[in-house]
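Q: Quick one: this structure, given as structure tokens, is what I'll be asking you about.
Just so you know, all these numbers are worked out from the coordinates, no wet-lab data involved. Quantities reported herein were computed from a predicted structural model and do not represent experimental measurements. Here the Cβ is made from the backbone with ideal geometry for all residues, glycine too, and neighbour counts use every protein chain on show.
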Amino acid sequence: EQSFKSFDMAVDDIAVLNKRFRPVMDMMRNIAVDVCEVFEGDEAREHLDNLKDCMKAAIEQEYDNNTYVEVAKAVKKKGTDNPEAVQGSLREELVSAYEAAKQQRENPENHAEFKELLKITSAADRGASSSQDSCEGMTVSGDLGDGHWIDPITQKDIEVPVKNTKCGHVYDKSSISHYIKTTNKPRCPCLGCGNTTSLRLGDLVDDLFLARVLKERSEKNN
């Protein structure tokens with residue numbers, strides 16, 4: 001068991017690093033809004049295209065890191081429980097299993113975070129294609145702020161948004177907290193979500209971007 005100490009430390013470090021991707025994705029969406037407020041037409045679109053590429057890269061890296069952690073734990077268990085079952089070295093086994101698992105990676109454009117970014121960039125894309133419109137009006141309190149953000153549990157407007165770090169879905173903090181505490185083996189309550197892992201309070205982070213959207217909408221309406 002002692003021989004796995006460095007291995008375990010490396011896996012734990014990757015797992016900790018992966019938790020930082022969601023705040024980075026939130027920051028990208030905030031930057032996209034700022035770009036729409038400052039730039040127009042083709043200039044805005046160029047910056048937003050770069051943000052899309054960065055978002056896809058972050059999504060892919062997050063997936064690869066998650067995959068590595070899962071595969072590493074499986075290979076370690078296999079090597080510990082039945083060393084003879086491991087063909088070659090553990091390192092070779094890990095690399096082989098990891099590369100095979102990476103092939104199952106989905107298109108990052110289907111990821112919830114990328115779709116949220118597209119809600120922001122769509123107005124700029126339309127503006128660039130027409131050469132007449134701009135990002136004007138695509139501020140947080142504009143197109144996005146006029147939308148409805150519904151909690152999947154209560155079917156009411158979200159007041160304090162929190163995000164599931166495993167699948168990217170957003171809930172109202174109060175309702176999801178109550179759901180987790182009162183439900184046996186809680187999972188993401190969004191219909192059709194492919195995330196089947198158990199949902200814990202520790203999986204939730206504040207959705208700073210949506211909080212900004214809701215705050216500016218409230219200020220606009222008051």
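Q: If you take the charge dipole of region 6-64 about its Cα centre, with +1 on Lys and Arg Cβ and -1 on Asp and Glu Cβ, which of V33, N50, I14 is farthest toward its positive end?
A: Selected residue: I14.
Q: Could I ask something else about it? Among I180, I120, I153, which comes first, then next, by fewest other beta-carbon atoms within 10 Å?
A: Going from sparsest to densest Cβ surroundings: I153, I180, I120.
Q: Let me ask something additional. Determine the sum of side-chain charges near Y179: Lys and Arg each +1, Asp and Glu each -1, restricted to other residues whose C-beta is under 14 angstrom from that of Y179.
A: The answer is +3.
Q: Of the listed peptides 99-105, 47-53, 164-170, 16-22, what is their order by residue-averaged count of other C-beta atoms within 10 Å, with the highest listed first?
A: For the peptides 99-105, 47-53, 164-170, 16-22, the packing ranking is 164-170, 47-53, 16-22, 99-105.
Q: How would you rank R200, R45, going from fewest to most other Cβ atoms within 10 Å of each one's own Cβ?
A: Lowest count first: R200, R45.
Q: Right, another one. Could you work out the local net charge near A57, counting Lys and Arg as +1, Asp and Glu as -1, over the other residues with Cβ closer than 14 Å to its Cβ?
A: Details: positive: K52, K56, R105; negative: D49, D53, E60, E62, D64, E109, E113.
Overall, the nearby charge balance is -4.
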